[in-house]
1. Please report the Cα spread of the protein assembly as shown along all three principal axes, rounded to whole Å, starting with the longest.
2. Show me A:58-71, C:66-79, D:80-93 ranked by packing, highest mean number of other Cβ atoms within 10 Å first.
3. Hey, got the average number of other protein chain Cβ atoms within 10 angstrom for residues in D:44-56?
4. From the backbone phi of the stretch C:22-39, what are the Karplus-calculated ³J(HN,Hα) couplings (6.51 cos²θ - 1.76 cosθ + 1.60, θ = phi - 60°) in whole Hz, Gly and Pro given as x?
5. What does the C-alpha gyration tensor say about the overall shape of the stretch A:46-109? Classify as rounded when a/c is under 1.5, otherwise prolate if a/b is larger than b/c, or oblate.
6. Work out the FRET efficiency for residue B:11 and residue C:65 from their Cβ-Cβ distance, taking R0 = 35 Å, and round it to the nearest 0.05.
7. If you scale each eigenvalue of the Cα gyration tensor by 5 and take the root, what three semi-axes come out for the stretch B:9-62, rounded to whole angstrom and sorted largest first?
8. May I ask you to derive the relative contact order of the stretch C:7-109, considering only C-alpha pairs under 8 Å and at least 6 residues apart, and to give it as an integer percent?
4 protein chains.
Amino acid sequence: MSHEQFQHCIDECLRCMVACNHCYTSCLEEDNIGMMKECIRLDRECADICAFSAQAMSMNSSYAKQICKICADVCEACGNECKKHGPEHCQQCAEACFRCAEACRKMAA
Amino acid sequence: MSHEQFQHCIDECLRCMVACNHCYTSCLEEDNIGMMKECIRLDRECADICAFSAQAMSMNSSYAKQICKICADVCEACGNECKKHGPEHCQQCAEACFRCAEACRKMAA
Amino acid sequence: MSHEQFQHCIDECLRCMVACNHCYTSCLEEDNIGMMKECIRLDRECADICAFSAQAMSMNSSYAKQICKICADVCEACGNECKKHGPEHCQQCAEACFRCAEACRKMAA
Amino acid sequence: MSHEQFQHCIDECLRCMVACNHCYTSCLEEDNIGMMKECIRLDRECADICAFSAQAMSMNSSYAKQICKICADVCEACGNECKKHGPEHCQQCAEACFRCAEACRKMAA
């Protein structure tokens, strides 16, 4: 598979990485930070595996599918956590996570 | 500075990361791989620091400017190496590198 | 599981990361670089997933086991490639890869 | 410079990465998480740049010195934040950060 074929999934991963890092930084500034700790934890893990997946796909790794499978799981968990919270950054992050999870599921199939 | 303000530079870094990884993989498949070794070496380093810079900017790191400064240097070195070589992947990579170097210089200023 | 319990596997991953990066750099300097391209490719992927696994374990990620499972696969593939080649850096890398693969398999179990 | 010469600095970076990630995870579980947010933020950044520096040194990057210079700055900032806080994980992290900062300063010199 060429890097062009991976492009849609790469794009979703990178968009999700940025959304997760923005949500992470914003959660750390929320007054009720105690309620956001699971969101903070998952935002970081999700950003990191999204970046890792995008690197793997763009270098046409033989392990890209396996990595995207885990990425889909982390994105789903992160999206489910984010959608519980009111702030705009959480809602936008949840949306990016679910889109990325879907793209990664297809890649991993 | 907000993550939106960083968005242009983030986008260039991520585009450059993908171009460098594609060039890296393609260089490893070239017949004259012996002539491409500096290109391979710089492609990897450039992809890695572009990913790192994009993460730093998207989490609004206090060190983003310093990181972008190094990223600009690596992009410039990688672009200068790539533009010496004929293959399309090298030419496209050089272009992405120079665009990213320019965006990172502005960010670091 | 605490980060202490992960410590042995983390140590093997980090040792393997260093060995793979050293082998990678050395392979790029070999005269017969054309024969080393699969070694170069796997060294990079192996170094990267070893670093990623070590990060995941040290932050006590819920996904550490799944990540270590892939890490074991990559280490095994990299070790099998490296052991085909004569240079000391390849032999040392193979040994580090097999040790890391074993530690990651136990972690993933 | 060979990877052996970098070995001490690599070791300190990797030890610091593990200590920062452990402190990060533990801070997220503290009751007074509101007081730990700067510690959480810096722990993540410090772990990430320590991993990045170790990768750069172990692949003998031409940019290793510049990267270690930033790594020293982040380690120092993280150590100064951690040492303000009572928990054992913060105190241990501060110590790892200061050791790593010193090793990186020497490397960058």
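1. Result for the protein assembly as shown: principal-axis Cα extents of 59, 44, 37 Å.
2. On the way: A:58-71: 21.8, C:66-79: 23.9, D:80-93: 17.9.
Peptide ranking by packing, descending: C:66-79, A:58-71, D:80-93.
3. Values: counts 10, 6, 1, 4, 8, 5, 1, 8, 8, 0, 6, 11, 6.
Counting other chains' Cβ atoms within 10 Å and averaging over D:44-56 gives 6.
4. Working through the residues one at a time gives 5, 4, 4, 4, 5, 4, 5, 9, 5, 5, 8, 4, x, 7, 9, 5, 5, 5 Hz.
5. prolate
6. Numbers: r = 34 Å, r/R0 = 0.98.
Computed FRET efficiency for residue B:11 and residue C:65: 0.55.
7. 27, 9, 6
8. Working: 138 pairs, mean separation 36.1, N = 103.
Once normalised by length, the contact order is 35 percent.
Since every read-out is calculated from the coordinates, none of them should be taken as a lab result. Note that this is a predicted model, so its numbers are computed, not measured. Every residue, glycine among them, receives a Cβ derived from its backbone with ideal geometry; neighbour counts consider all protein chains shown.
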